[in-house]
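Step one of this worksheet: look at the structure below.
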């Protein structure tokens with residue numbers, strides 16, 4: 001891929017570059033900070049796209065299709081000699097009433113058709129202006145940025161039954177242009193509470209900003225770096241749902257988070273300090289009281305501007321905020337997994353099927369309290385209702401190979417033959433495990449795990465452990481492993497395992513596997 005620092009960039013991150021550029025109309029440097037790549041790489045990726053493509057069209061492409069598109073679009077463009085604008089003249093022209101940077105860029109392009117594009121024009125001018133005025137004051141555009149952080153102070157909540165005190169964490173969000181402020185309480189600063197507070201803030205504002213600026217909090221930023229922080233995947237998932245960009249504040253750059261720090265001070269001074277003598281018995285009660293004090297805070301005229309935050313919010317930020325998503329975001333977590341030979345992945349000790357052709361491939365699991373989705377190369381390949389049954393399988397028939405012919409090397413008869421090489425008791429354990437499953441393939445994982453114990457403890461000890469497991473009707477992998485770990489397989493029993501077969505219409509006989 002283009003750019004020295006952009007080499008090896010994942011397709012997921014390249015897609016985010018296109019989303020922020022095409023949907024959010026962000027500058028190269030803002031995209032670079034959000035995506036943790038260089039602004040040069042951002043420009044190279046966007047130069048390859050052309051002008052007649054939308055983000056929805058890009059999102060519909062599989063990773064391989066997008067890669068081919070970028071390769072086809074990549075022409076060996078050497079940096080052409082471009083005429084640099086007269087920044088001194090442009091700087092003077094901008095002081096005139098009604099003159100904008102876009103107008104000056106259009107005039108520049110009329111004279112120099114091969115000159116810099118709009119975003120590059122803006123970037124170069126900003127660089128030139130910073131050299132004139134290194135301490136340039138930050139200007140926040142209406143509806144653009146929301147600054148978020150946690151207050152240093154906490155609020156005590158008392159349990160009515162036990163009298164124990166628990167400290168609630170206070171989340172603070174401040175809009176850049178109007179200083180309109182939101183705050184709420186949660187039990188911790190963990191990822192679910194962090195994201196839920198963002199959602200409540202968006203609903204409080206009745207709209208969504210273009211950019212959210214968090215401090216380098218572990219909940220939101222998975223890898224803290226001064227220049228290139230990586231965004232937590234669940235946090236990014238929420239951002240994509242609402243169409244916002246996440247640009248973390250840089251380490252040791254106080255101007256990046258000054259708005260949030262001032263907002264935290266205001267909340268501590270006018271809300272938390274006012275609550276210090278009150279007693280709360282629930283999080284709901286505390287949040288109700290915070291909401292009452294927020295109304296007063298936002299309606300109070302600010303000392304210097306002589307206008308309230310609410311008045312400025314209505315005239316500045318509110319009209320520019322993006323609309324809320326039609327559906328409320330449901331917190332989702334992500335996990336990597338490798339597809340096992342039984343074409344299932346494991347999540348919280350439950351097993352979900354994926355198309356059998358993905359055996360041994362690495363996939364991403366996105367899971368909520370209700371759903372489990374499995375992605376391979378940025379495409380969803382399976383979707384299941386969440387199931388909390390431990391040790392059970394959720395299988396879609398279409399995910400199975402036709403008669404399992406493609407993977408006969410893992411046939412039930414072959415696994416039984418391996419087990420019989422260890423001993424008769426081991427064979428019976430393996431047979432009973434596969435008998436209990438709707439499909440024998442769902443027992444492969446447990447059977448192979450048991451057979452591998454012979455490599456660690458010897459086949460003789462494994463056979464003795466299986467013999468004991470049959471006596472106690474505990475022929476699961478965990479039971480046999482525990483017997484071996486505790487050395488219980490060395491104990492001698494007078495009784496022999498019963499030979500009575502289980503009678504049930506859904507249970508197969510041993511001849512089924514031969």
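To make sure I understand, if each residue's beta carbon is the centre and we count other beta carbons within 10 Å, what order do 198, 467 fall in, fewest to most?
467, 198
Note on segment 11-73: along the principal axes its Cα atoms extend 26, 20, 19 Å, ordered by decreasing extent. FRET efficiency for the residue 107 to residue 338 pair, using the beta carbon distance and R₀ = 56 Å, is estimated at 0.45.
What ranking of 264, 244 emerges when the number of other C-beta atoms within 10 Å of each C-beta is taken as an exposure proxy, fewest first?
By the 10 Å Cβ count, ascending, the order reads 244, 264.
The alpha carbon centroids of segment 430-447 and segment 304-336 are separated by 53 Å. Computed over the Cα atoms of segment 154-214, pair by distinct pair, the Kirkwood hydrodynamic radius stands at 13.0 angstrom. Residues 100, 181, 311, arranged from fewest to most other Cβ atoms within 10 angstrom of their Cβ, appear as 100, 311, 181.
Bear in mind these aren't lab numbers, they're just calculated from the coordinates by the rules spelled out. Everything numeric in this text was worked out from a predicted model, so none of it was measured. Ideal geometry is used to build each Cβ from the backbone, glycine not excepted, and the neighbour counts take in all protein chains shown.
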